[in-house]
Amino acid sequence: MYNYKAKIIAVYDGDTVTAVVDLGFLHSQEMKLRLFGIDTPEMRGPEKVEGKKVRDIVREKILNKEVEIKSYKDKQGKYGRYLATIIVDGVDLNQWLVDNGHAEVYLP
(Lines give C-alpha, C1' and ligand atoms only; values in the text may rest on other atoms or scores of the structure.)
Protein backbone atom coordinates (compact mmCIF):
# COMPACT_ATOMS: atom_id res chain seq x y z
CA MET A 1 0.00 0.00 0.00
CA TYR A 2 1.24 3.49 -0.88
CA ASN A 3 0.15 6.86 0.56
CA TYR A 4 -0.18 10.04 -1.51
CA LYS A 5 -1.59 13.51 -1.10
CA ALA A 6 -4.22 14.43 -3.69
CA LYS A 7 -6.90 16.93 -4.61
CA ILE A 8 -10.27 15.56 -5.71
CA ILE A 9 -11.35 17.36 -8.89
CA ALA A 10 -14.40 15.29 -9.91
CA VAL A 11 -16.81 12.79 -8.40
CA TYR A 12 -18.50 10.55 -10.96
CA ASP A 13 -20.48 8.39 -8.55
CA GLY A 14 -20.26 7.17 -4.97
CA ASP A 15 -17.21 5.02 -5.58
CA THR A 16 -15.43 6.65 -8.56
CA VAL A 17 -13.53 9.94 -8.41
CA THR A 18 -10.85 11.83 -10.31
CA ALA A 19 -7.89 13.22 -8.37
CA VAL A 20 -4.72 15.14 -9.06
CA VAL A 21 -2.23 13.00 -7.17
CA ASP A 22 1.04 14.37 -5.82
CA LEU A 23 3.62 11.74 -6.77
CA GLY A 24 6.49 13.61 -5.14
CA PHE A 25 9.48 15.46 -6.55
CA LEU A 26 7.18 18.22 -7.88
CA HIS A 27 5.33 15.73 -10.10
CA SER A 28 1.55 15.25 -10.08
CA GLN A 29 -0.83 13.28 -12.26
CA GLU A 30 -4.57 13.23 -12.83
CA MET A 31 -5.97 9.76 -12.08
CA LYS A 32 -9.31 8.03 -11.85
CA LEU A 33 -9.75 6.23 -8.55
CA ARG A 34 -12.14 3.46 -7.53
CA LEU A 35 -12.84 3.42 -3.80
CA PHE A 36 -11.40 0.12 -2.61
CA GLY A 37 -13.50 -2.46 -0.80
CA ILE A 38 -16.90 -0.83 -1.24
CA ASP A 39 -19.76 -0.68 -3.71
CA THR A 40 -22.30 2.15 -3.90
CA PRO A 41 -25.62 2.31 -5.77
CA GLU A 42 -25.36 2.76 -9.54
CA MET A 43 -26.17 6.00 -11.34
CA ARG A 44 -28.49 4.19 -13.78
CA GLY A 45 -31.36 1.78 -13.58
CA PRO A 46 -33.43 1.09 -10.46
CA GLU A 47 -30.71 2.44 -8.13
CA LYS A 48 -30.49 5.82 -9.91
CA VAL A 49 -32.13 7.95 -7.19
CA GLU A 50 -30.04 6.43 -4.40
CA GLY A 51 -26.94 6.54 -6.61
CA LYS A 52 -27.30 10.29 -7.15
CA LYS A 53 -27.87 10.80 -3.42
CA VAL A 54 -24.65 8.97 -2.51
CA ARG A 55 -22.71 10.75 -5.27
CA ASP A 56 -23.83 14.10 -3.86
CA ILE A 57 -22.80 13.06 -0.33
CA VAL A 58 -19.34 12.11 -1.59
CA ARG A 59 -19.08 15.39 -3.53
CA GLU A 60 -19.92 17.36 -0.41
CA LYS A 61 -17.29 15.50 1.63
CA ILE A 62 -14.32 15.57 -0.79
CA LEU A 63 -14.80 17.60 -3.99
CA ASN A 64 -12.09 20.27 -4.36
CA LYS A 65 -10.50 19.16 -1.09
CA GLU A 66 -7.01 17.98 -0.26
CA VAL A 67 -7.11 14.34 0.83
CA GLU A 68 -4.78 11.45 1.49
CA ILE A 69 -5.13 8.37 -0.67
CA LYS A 70 -3.90 4.89 0.10
CA SER A 71 -3.49 2.96 -3.13
CA TYR A 72 -3.45 -0.81 -3.49
CA LYS A 73 -0.92 -2.50 -5.76
CA ASP A 74 -0.35 0.78 -7.66
CA LYS A 75 -1.97 -0.72 -10.73
CA GLN A 76 -5.22 -0.14 -12.54
CA GLY A 77 -8.35 -2.24 -12.27
CA LYS A 78 -10.34 -3.54 -15.22
CA TYR A 79 -11.86 -0.11 -15.99
CA GLY A 80 -8.53 1.74 -15.82
CA ARG A 81 -9.03 3.07 -12.30
CA TYR A 82 -6.60 2.78 -9.41
CA LEU A 83 -7.97 1.20 -6.23
CA ALA A 84 -7.73 3.54 -3.26
CA THR A 85 -8.93 4.38 0.20
CA ILE A 86 -9.56 8.10 0.68
CA ILE A 87 -8.80 9.78 3.99
CA VAL A 88 -10.36 13.23 4.45
CA ASP A 89 -9.94 15.23 7.66
CA GLY A 90 -8.60 12.08 9.35
CA VAL A 91 -11.67 10.00 8.41
CA ASP A 92 -11.57 6.90 6.18
CA LEU A 93 -14.25 7.84 3.61
CA ASN A 94 -14.64 4.27 2.36
CA GLN A 95 -15.43 2.97 5.84
CA TRP A 96 -17.58 6.01 6.65
CA LEU A 97 -19.78 5.27 3.62
CA VAL A 98 -20.28 1.67 4.81
CA ASP A 99 -20.86 2.67 8.44
CA ASN A 100 -23.52 5.21 7.41
CA GLY A 101 -25.42 2.85 5.09
CA HIS A 102 -24.33 4.49 1.81
CA ALA A 103 -22.16 1.59 0.60
CA GLU A 104 -21.72 -2.14 0.99
CA VAL A 105 -18.46 -3.98 1.54
CA TYR A 106 -17.22 -5.33 -1.80
CA LEU A 107 -13.99 -7.25 -2.27
CA PRO A 108 -13.38 -8.30 -5.87
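The values are calculated or read from the model by the stated rules, or taken from the named source; none is laboratory data. All values derive from a computational prediction rather than experimental measurement. Don't worry about glycine lacking a Cβ; one is built from the backbone with ideal geometry, like all the others, and counts go over all protein chains shown.
When the range 80-92 is filtered for residues that are under 17 Å from Val20 (Cβ atoms), out of contact with any Ser or Thr (no Cβ under 7 Å at 6 or more places or on another chain) and not in a loop (DSSP other than H, G, I, E, B), the ones remaining, listed by number, are Ile86, Ile87, Val88.
Might you let me know whether the range 37-55 holds any residue that is surrounded by fewer than 21 Cβ atoms within 10 Å (Cβ to Cβ), within 10 Å of the chain's Cα centre (by Cα) and without any contact (Cβ under 8 Å) to a residue 60 or more places away in the chain? No, the range 37-55 has no match at all. When Ile38 is tested against (1) aliphatic (A, V, I, L, M); (2) more than 16 Å from Ala10 (Cβ to Cβ); (3) modelled with pLDDT under 95, only condition (3) is not met. Filtered by the rule that a residue be farther than 15 Å from Ser71 by Cα, buried (at least 17 other Cβ atoms within 10 Å of the Cβ) and free of Cβ contacts under 8 Å to residues at least 60 places away in the same chain, the range 1-34 gives Val11, Asp13. Within the range 43-55, being modelled with pLDDT of 95 or more and in contact with a strand residue (DSSP E or B) (Cβ under 7 Å, 6 or more places away or on another chain) holds for Gly51, Arg55. Restricting the range 56-88 to residues that are at pLDDT 95 or above and exposed (fewer than 11 other Cβ atoms within 10 Å of the Cβ), the residue that is nearest to Thr40 (Cα to Cα) is Glu60. All of Lys65, Lys61, Lys53, Lys5 fail the test of being out of contact with any helix residue (DSSP H, G or I) (no Cβ under 9 Å at 6 or more places or on another chain) and under 21 Å from Val105 (Cα atoms), apart from Lys53.
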